[in-house]
Amino acid sequence: MPLAAVWQEALLRRGASLATLASLLACGGGSSAPAAPAPPNALGVAGDVRTDANAWVEYTLGNAPLIIAAPHGGALTPASIPDRRCAACLTDTDTNTEDLARRVATLFYSRTGKRVHLVINRLQRAKLDPNREVIEATDGNTAMVPTWQAYHTFIDSARGRITTSPGRGLLLDLHGHGHAILRLELGYTIAASDLRLSDAALTTSGAVARSSIARLAVLDVARSAPVALLRGPTSLGALFVANGFPAVPSPSDPAPAAADLYFDGGYTTDRHGSAAGGTVDAVQIEAHRVGARDTSENLDRYAAAIVTSALEYLRVHYGWTPTGTAAAAVFAP
Ligand SMILES: [Zn+2]
């Protein structure tokens, strides 16, 4: 499946690449033609940027086991695409999350010399919502289905590359919320009502085994109890708190209160997390605006917290470091 995804995605590469390939094929048979250069590597290398035919969705190939996705931060509003108007369709932009995702990718590279896999929807959400199933995502506009497919095929390709090497990894799906409490809402596709259970009851419920980090709960290098992955001392929430950003769930804020608004995940975490198998886990991160997404300075602070927290999470729970010194632990069954 991952390899198939890689080849599907190869078909979506930019016109320039296809033109190059076409010219190679065209001049391959003539005896008088100059020797053809080596064919392009269809699998690509870290840093290569690929898009759909219209450059509405974009994928930068990575070589670290981290996928950063930003589905709701786009600003493009081509007149050729009608606005989504279905009753259930949300069209609000998650302000500055495309910018944030790019800052995360840049900072990760400057700190580690490795690149994250970066997948971005450049369209405004009124035109396409990749974090929904295809009908709601496109409002039934079949002309937009290939763009939606390209976005998810890019994520499939990133997952395939990570599955090949180093074997396991993490997708962080970046969003913005407007809820009253200024904290990060970490979504593992576990309902708030389940998070409000005691540790013992939450363990018994099996919710973590059905979550978007289901595989991590089995393969965790640190052998944390499943509930500890949600709100223990090395949970993603704990790491964000340590890096200056309140988060739920975390040790200090283990669950949203019954009256709180809280996002527990979405289409991307459902589809691309490990609930249905595979070795790439997914977490949706919904961030408040003031103090995180409102100014360039705060975007830099928040991007730094994401990079620092993700690197520590990958080291502790996946056995991955940028230098590969802990790689032997990655494949622990
Ligand atoms: Zn969103």
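Between L172, L202, L216, the distinction of being among the aliphatic types (A, V, I, L, M) and within 16 Å of the ligand (Cβ to nearest atom) belongs to L172 only. Which residue is farthest from S224 (Cα to Cα), if the candidates are limited to the range 235-258 and must be under 21 Å from the mean Cα position of the chain (by Cα) and of a type in the set (G, A, S)? Within the range 235-258, the match that is farthest from S224 (Cα to Cα) is A247.
Listed here are the residues, each with its yes/no results for (1) closer than 24 Å to L90 by Cα; (2) more than 21 Å from the chain's Cα centre (by Cα).
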{"residue": "T164", "(1), (2)": "no, no"}
{"residue": "G167", "(1), (2)": "no, no"}
{"residue": "L172", "(1), (2)": "yes, no"}
{"residue": "H179", "(1), (2)": "yes, yes"}
{"residue": "R183", "(1), (2)": "yes, no"}
{"residue": "L186", "(1), (2)": "yes, no"}
{"residue": "A192", "(1), (2)": "yes, yes"}
{"residue": "T203", "(1), (2)": "no, yes"}
{"residue": "S211", "(1), (2)": "no, no"}
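For the range 82-104, the candidate set comprises residues that are within 16 Å of the chain's Cα centre (by Cα), within 16 Å of the ligand (Cβ to nearest atom) and among the charged types (D, E, K, R); within that set, the residue that is nearest to I135 (Cα to Cα) is D94. Does L107 qualify as being outside any helix (DSSP H, G or I) and more than 16 Å from the ligand (Cβ to nearest atom)? Taking the combined requirement at face value, the residue does not satisfy it.
Within the range 68-81, the set of residues being away from the ligand (no atom under 16 Å from the Cβ) and in contact (Cβ under 8 Å) with a residue 60 or more places away in the chain comprises I81 only.
Among the residues of the range 252-288, the ones that are in contact with a Gly (Cβ under 8 Å, 6 or more places away or on another chain) and either of a type in the set (A, V, I, L, M) or surrounded by fewer than 17 Cβ atoms within 10 Å (Cβ to Cβ) (or both) come to 5 in all.
Matching residues to (1) surrounded by fewer than 20 Cβ atoms within 10 Å (Cβ to Cβ); (2) modelled with pLDDT under 95; (3) farther than 17 Å from A238 by Cα; (4) among the aliphatic types (A, V, I, L, M):
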residue	(1), (2), (3), (4)
E297	yes, no, yes, no
E312	yes, no, no, no
H317	no, no, no, no
A332	yes, yes, yes, yes
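With respect to L118, determine if the residue is within 14 Å of the ligand (Cβ to nearest atom), within 20 Å of G176 (Cα to Cα) and at pLDDT 95 or above. No.
Entry remark, the range 194-207: residues being touching a residue at least 40 places away in the same chain (Cβ under 8 Å) and either buried (at least 22 other Cβ atoms within 10 Å of the Cβ) or of a type in the set (G, A, S) (or both) number 0 in total. Among the candidates Y318, Y267, the residue that is within 15 Å of the chain's Cα centre (by Cα) and either touching a residue at least 12 places away in the same chain (Cβ under 8 Å) or within 16 Å of the ligand (Cβ to nearest atom) (or both) is uniquely Y267. A137 satisfies every condition listed in (1) away from the ligand (no atom under 16 Å from the Cβ); (2) buried (at least 24 other Cβ atoms within 10 Å of the Cβ) except (1). In the range 175-193, the residues that are closer than 11 Å to V283 by Cα and among the polar types (S, T, N, Q) reach residues that are surrounded by fewer than 20 Cβ atoms within 10 Å (Cβ to Cβ) and modelled with pLDDT of 95 or more with C-beta atoms within less than 7 angstrom, at least six apart or across chains, in these pairs: T189/D270. Determine whether S157 is buried (at least 24 other Cβ atoms within 10 Å of the Cβ), more than 20 Å from F263 (Cα to Cα) and under 20 Å from the mean Cα position of the chain (by Cα). So S157 passes the test.
The values are calculated or read from the model by the stated rules, or taken from the named source; none is laboratory data. Not measured: the values here are computed from a predicted model. Because the Cβ atoms are built from the backbone with ideal geometry, glycine has one as well, and the counts that use them run over all protein chains shown.
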